[in-house]
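Below is one structure, written out as structure tokens; the observations come after it.
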Amino acid sequence: MSSDLAGVWEVALSDGVHRIEFEHGTTTGKRVISVDGKEILRRDWMFKLVGKETFSVGKSDTKATINIDAVSGFAYEYTLEINGKSLKQYIENRSKVTSTWVLNLDGTDCRVVLEKDTMDVWCNGQKIETAGEFVDDGTETHFTLGDHNCCVKAVSSGKRRDGIIHTLLVDGTEISECTE
């Protein structure tokens with residue numbers, strides 16, 4: 001790892017948590033971006049030390065931008081934007097549009113993500129085939145993980161502010177949602 005490492009961010013997307021690393025050589029003008037340990041962008045001998053670098057992250061090619069701003073003298077500030085929002089705004093918005101559960105099935109850790117707008121379900125970076133059905137109190141989205149029957153139940157909370165409550169059941173047992 002280079003001594004020019006200027007920023008490291010962890011970004012949770014539907015296909016998993018991605019680690020973004022940014023190297024900035026202020027004497028050489030070098031910029032290097034790595035996602036999950038793989039170099040995806042390298043620029044050498046850049047004379048302009050401030051600016052932006054835009055790239056894609058994850059299987060859904062989510063747009064990410066690193067902003068490089070001069071603070072004072074030779075000090076720089078590095079900020080990450082995801083889909084045009086600051087990382088903080090993105091994380092706050094993401095908790096509204098997704099539900100995430102982390103569980104261990106047959107000795108394997110599973111990270112299950114529900115995209116509430118599309119009702120797509122992801123497990124450990126793979127989009128899962130699902131079957132949805134309407135039931136008396138809402139909807140159920142059925143899928144399997146290995147030999148386990150899984151279901152995401154969507155039920156109205158009865159309160160406008162709380163909206164719809166999503167619950168993951170694995171073999172009939174409720175799994176608690178995690179906050180990322």
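Evaluating Gly125 against the criteria (1) outside the structural domain of Ile20 (by the TED database); (2) open to solvent by 40 Å² or more (accessible area, probe 1.4 Å) leaves one unmet condition, (2).
Which one of Lys30, Lys48, Lys52 is touching a His at 6+ places or on another chain (Cβ under 9 Å) and farther than 30 Å from Val112 by Cβ? Steps first, please.
Working: Lys48 fails: touching a His at 6+ places or on another chain (Cβ under 9 Å); Lys52 fails: touching a His at 6+ places or on another chain (Cβ under 9 Å).
The unique qualifying residue is Lys30.
Under 13 Å from the mean Cα position of the chain (by Cα), among the acidic types (Asp, Glu) and under 30 Å from Asp109 (Cβ atoms) - does that describe any residue in region 51-62? Within region 51-62 (the criterion being under 13 Å from the mean Cα position of the chain (by Cα), among the acidic types (Asp, Glu) and under 30 Å from Asp109 (Cβ atoms)), the answer is yes, since at least one residue qualifies.
Summed over region 135-168, the residues that are within 21 Å of Lys96 (Cα to Cα), open to solvent by 40 Å² or more (accessible area, probe 1.4 Å) and not hydroxyl-bearing (Ser, Thr, Tyr) give a count of 9. When region 23-45 is filtered for residues that are over 24 Å from the mean Cα position of the chain (by Cα) and open to solvent by 50 Å² or more (accessible area, probe 1.4 Å), the ones remaining, listed by number, are Thr26, Thr27, Thr28, Arg43, Asp44, Trp45.
Return a yes/no flag: does region 9-20 have any residue that is touching a His at 6+ places or on another chain (Cβ under 6 Å) and outside the structural domain of Val112 (by the TED database). Among the residues of region 9-20, at least one is touching a His at 6+ places or on another chain (Cβ under 6 Å) and outside the structural domain of Val112 (by the TED database), which makes the answer yes. Only residues that are closer than 23 Å to Asp69 by Cα, among the charged types (D, E, K, R) and crowded, with 17+ Cβ neighbours inside 10 Å were counted across region 1-22, and they come to 1.
Here are some residues: Lys116, Lys30, Lys59, Lys48. Which one is free of Cβ contacts under 8 Å to residues at least 60 places away in the same chain, of a type in the set (D, E, K, R) and either in the same structural domain as Thr141 (by the TED database) or under 30 Å from Glu177 (Cβ atoms) (or both)?
Lys116
Across region 71-113, the qualifying residues are those that are within 23 Å of Thr173 (Cα to Cα) and open to solvent by 80 Å² or more (accessible area, probe 1.4 Å), and the one among them that is nearest to the chain's Cα centre (by Cα) is Val102. List the residue pairs whose Cβ atoms are under 6 Å apart, where the first residue sits in region 122-147 and is among the aromatic types (Phe, Trp, Tyr), the second is assigned to a strand (DSSP E or B), and the two are 6 or more positions apart or on different chains. Qualifying pairs under 6 Å: Trp122/Val113; Phe143/Val121; Phe143/Ile128; Phe143/Cys150.
Restricting attention to region 46-61, and to residues there that are of a type outside the set (Gly, Ala, Ser) and modelled with pLDDT of 95 or more, which single residue is surrounded by the most Cβ atoms within 10 Å (Cβ to Cβ)? Among them, the one singled out is Val57.
The values are calculated or read from the model by the stated rules, or taken from the named source; none is laboratory data. As the structure is a computational prediction, the values presented were derived from the model and not from experiment. Positions of Cβ are generated from backbone atoms using ideal geometry, with glycine treated the same way; all protein chains shown enter the neighbour counts. Calculation scope for accessible area: heavy atoms of the full protein, side chains included, ligands and nucleic acids excluded. Shrake-Rupley method; radii C 1.70, N 1.55, O 1.52, S 1.80 Å.
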